[in-house]
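Shown next, in structure tokens, is the structure this report addresses.
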Amino acid sequence: MSTFDKVDYDSLIPNNVDLSSDRSLQRALEKWHPNFIKWWMDMGPNGFQNSEVYLRTAVGVDPEGWAKFGYVKMPDYRWGILLSPKEEGRKIPFGQHKGEPAWQEVPGEYRAMLRRLIVIQGDTEPASVEQQRFLGNTAPSLYDMRNLFQVNVEEGRHLWAMVYLLHKYFGRDGREEAELLLQRRSGNVDKPRILGAFNEDTPDWLSFYMFTTFTDRDGKMQLEALANSGFDPLARTTRFMLTEEGHHMFVGRTGVERVIQKTCEIMKQHNISDPFAINDVRKYGVVDLPTLQKKMNFHVSVTLDLFGSDISTNAANAFNSSIKGRFHETMIDDDHQLLNDTYPILKNVNNKFILSDEPAINAVNARLCDDYINDCVQVVATWNKVIKSFGINFTLDLPHKAFHRKIGDYSELSVTPKGDIIEASTWNAQQHDWLPDNEDLEYILSLMTNVTEPGKFASWVAPPKAGINGQPGDYEYVKLAA
Ligand code: BYC
Ligand code: FE
Ligand code: FE
């Protein structure tokens, strides 16, 4: 462990990058700080800023014991700049610079590409906080409310992570981009966030659980792809962000699982054996399984759009330049340069999908997307286990990669969740078999109530199996301000 692993908490901005030795950078970040706080107060969690929240704060970056828990008011959270420990002598593991020492400064020829990737990554973080800002008002329990706020403060910290890189390595235009990150707004027509999924609403808690399952998982994949970057500060920053991402996906996966659990319990209790008897199920104030499937179809397809086109010269350039790698790059058994490799891509031939080999260098996005899908398949399998344990005849299925796409190679096609290419008119007429309609969304919204008594949960979600940091079931995770 180097001395930098220890986080300096004495300064305004906690950090393990020896900020105090770089006065002008420190001053620039201290100038950005009040604007961040203003953004947090305007666009962060609506209300609850005076409540005491049982939050985890990072105190170091070593894998063990990097966090401490305690009550914090969110505006007092110590948003810090934390990079994973520097690996002495680290070599670039992929691309045309493979084998060269990792860069500690931005190579001039890759400046624009790096800045763009950092800005896109940075933009998603505050966007998600904005999307989730009203959810505290309808939290199904104090446990869930606390998890929401934990996710929110950490996404705020991820914004800090990217802003640090912009300020330290990109001079004046970096500082301008950092300002713009506080000015764009999720869903705003005039100044929207950059990527589509981050302009969608997250109006209810089922959306939140789906978002943290599927969209935070895109975060994981994209961060993994940057975690081996030849630009060492980016690699180290994203590595530490990944340690926080685990909890976000946990909140999502277990959240959906608890919804399924509660629905199945109710179906069993009232002898409802047909999962499609929607009104019988809804009568008891739980989410029917077909609606869960539709919500999942929506969130998965919107998130798949975040991977860009399967075939992408942007992605090829980023890989070839040793800037953005693949998922688990160092564990892949190949030349890490993709000089002669091919990768199978889904292609539409006479309205049937076939796999067609393409140069792997052009298919880096497709591969990351496929690795993402494999990750999702495992999550859905854990959900199906719960349904099966109740003996209910229903399985949730991940929708086909080409279903309901707005970006990329499949966006021109009308594809069912099973992967059949059909007429646009047929698709339009049938879409509400696959995606939630207004009635479904209104039903979900009607379930949202604020449950603030410790240990109590809304009708539609089961309690978690364990508390946060080993706390008991009736722990007061949020002490609401009077
Ligand atoms: N929306 O070559 P193409 C997270 C544009 S989530 C709008 O196919 P490329 C988080 C693209 O910019 C992780 N535009 O794709 C989760 C390009 O435009 P230009 C976020 C899009 O560039 C939850 C053109 O289409 N991080 O952290 O290889 C909570 C052709 O692009 C979209 C990253 O994404 C879209 N969906 O890949 C909180 C990592 N897709 O340049 C946080 C950084 C494509 O021709 N970003 N376009 O004008 C990247 O690596 C890549 O930019 C992308 C796109 C994967 C986004
Ligand atoms: Fe994040
Ligand atoms: Fe996240």
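Between THR342 and THR330, the simple spin-label model (points 7 angstrom out along Cα→Cβ) gives 3.2 nm.
Between ASN314 and LYS283, what length comes free when the chain is fully extended (0.36 nm per residue of separation minus the Cα-Cα distance, one decimal in nm)?
Numbers: separation 31, 0.36 × 31 = 11.16 nm, distance 5.03 nm.
Answer, rounded to one decimal: 6.1 nm.
Distance between the pseudo-spin-label points of ILE120 and ASP201 (7 Å out from Cα toward the beta carbon): 2.8 nm.
What area, in nm² and to one decimal, does the C-alpha convex hull of segment 88-181 cast on average over all directions?
Averaged projected area of segment 88-181's Cα convex hull equals 8.2 nm².
Summarising the label geometry, the points placed 7 Å from Cα in the beta-carbon direction at VAL377 and LEU242 lie 2.1 nm from one another. Using the Karplus relation 6.51 cos²θ - 1.76 cosθ + 1.60 with θ = phi - 60°, the per-residue 3J(HN,Hα) values for segment 161-167 come to 4, 6, 5, 4, 4, 5, 5 Hz, with x marking Gly and Pro. In the structure shown, do any of LYS68/LYS91; LYS283/LYS456; LYS31/LYS91; LYS191/LYS295 have a Cα-Cα gap over 23 Å, and if so which? Correct reply: LYS68/LYS91; LYS31/LYS91; LYS191/LYS295.
Would you compute, from DSSP H runs of 4+ residues alone, the mean residue ellipticity of the chain at 222 nm, taking -39500 (n - 2.57) per run and dividing by the full residue count, rounded to the nearest 500?
Values: 13 runs with 208 residues, N = 482.
It lands at -14500 deg cm²/dmol.
Using a ≥ b ≥ c from the Cα gyration tensor of segment 214-262 (square roots of the eigenvalues), is it rounded, prolate or oblate, where a/c under 1.5 gives rounded and otherwise the larger of a/b and b/c decides, a/b for prolate? Prolate, because a/c is 1.5 or more and a/b exceeds b/c. This ranking places THR452, THR416, THR213 by how few other beta-carbon atoms lie within 10 Å of each, fewest first, which gives THR452, THR416, THR213.
For segment 15-21, backbone phi angles converted through the Karplus equation (6.51, -1.76, 1.60; θ = phi - 60°) give residue-by-residue couplings of 6, 10, 10, 6, 4, 5, 8 Hz, Gly and Pro being listed as x. For the peptides 418-426, 166-174, 435-443, 402-410, the ranking by packing is 402-410, 166-174, 435-443, 418-426, with the highest mean count of neighbouring Cβ atoms within 10 Å listed first.
Can you give the FRET efficiency to the nearest 0.05 for ASP76 and GLU265, using r as the Cβ-Cβ distance and R₀ = 41 Å? Walk me through the intermediate numbers first.
On the way: r = 39 Å, r/R0 = 0.96.
That pair, ASP76 with GLU265, gives E of 0.55.
By how many nm would the segment from GLU423 to LYS6 lengthen if fully extended, with 0.36 nm per residue of separation less the alpha-carbon distance? Mind showing how you got there, number by number?
Values: separation 417, 0.36 × 417 = 150.12 nm, distance 5.93 nm.
Here the segment from GLU423 to LYS6 would lengthen by 144.2 nm.
Annotation: amide H-H contacts under 5 Å for ILE345 (H modelled 1.01 Å from N, sequence separation of 5 or more, or interchain): SER356, ASP357, GLU358.
Could you pull out the chymotrypsin sites (Phe, Trp or Tyr not before Pro) across segment 176-218 that fall in loop regions by DSSP (anything but H, G, I, E, B) with no more than 15 other Cβ atoms inside 10 Å?
Details: sites: PHE198, TRP205, PHE208, TYR209, PHE211, PHE214; in loops: none.
The qualifying sites: there are none.
Volume of the convex hull of segment 3-479 (Cα atoms only), normalised per residue: 151 Å³.
Each value in this text was obtained by applying a stated rule to the coordinates, not by laboratory testing. It should be emphasised that the depicted structure is a prediction, and the values quoted were computed from it without experimental measurement. Virtual Cβ from ideal backbone geometry, glycine too; neighbours counted across all protein chains shown.
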